[in-house]
Amino acid sequence: MRKDKQQVIGDEIGDEQIKLFLAVEPADDTPPSLHKLVKAYRGLRIDDFERFVAFFIEAGYDLHAKDAKGQDFIAQIQDQRNAQEYIAIIQQAANA
């Protein structure tokens, strides 16, 4: 692929499809807010995740939710290869 061409994987998804990640509920004792963030992180591209976070906050969910071990979303994903962009979105949203 030429350097001036950006690879596009998959089709653009609409707001309603992104908002579906707000409906996922945990099957265990994971806080719903944390579960929704992790599912969105795993299922959405960076641009879509950024849109998801806006809907997430608008719906009143907690960016700082922690699991039973005291880990928040950032702590759970920080060692993953592509996590930094997602972490930056969360940090920016938390400081807004």
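Readers should treat all values here as calculations from the given coordinates under stated rules, not as data from a laboratory. What you see is a predicted model, and the numbers here were worked out from it, not measured in a lab. In this analysis, Cβ positions are derived from the backbone assuming ideal geometry, glycine residues included, and neighbour counts consider all displayed protein chains.
Descriptive notes on the structure:
- Of all the residues in the stretch 82-91, those that are in contact with a helix residue (DSSP H, G or I) (Cβ under 9 Å, 6 or more places away or on another chain), of a type outside the set (Ser, Thr, Tyr) and part of a helix (DSSP H, G or I) number 6.
- Count - residues of the stretch 46-81 that are over 17 Å from residue 30 (Cα atoms) and either touching a helix residue (DSSP H, G or I) at 6+ places or on another chain (Cβ under 8 Å) or part of a helix (DSSP H, G or I) (or both): 14
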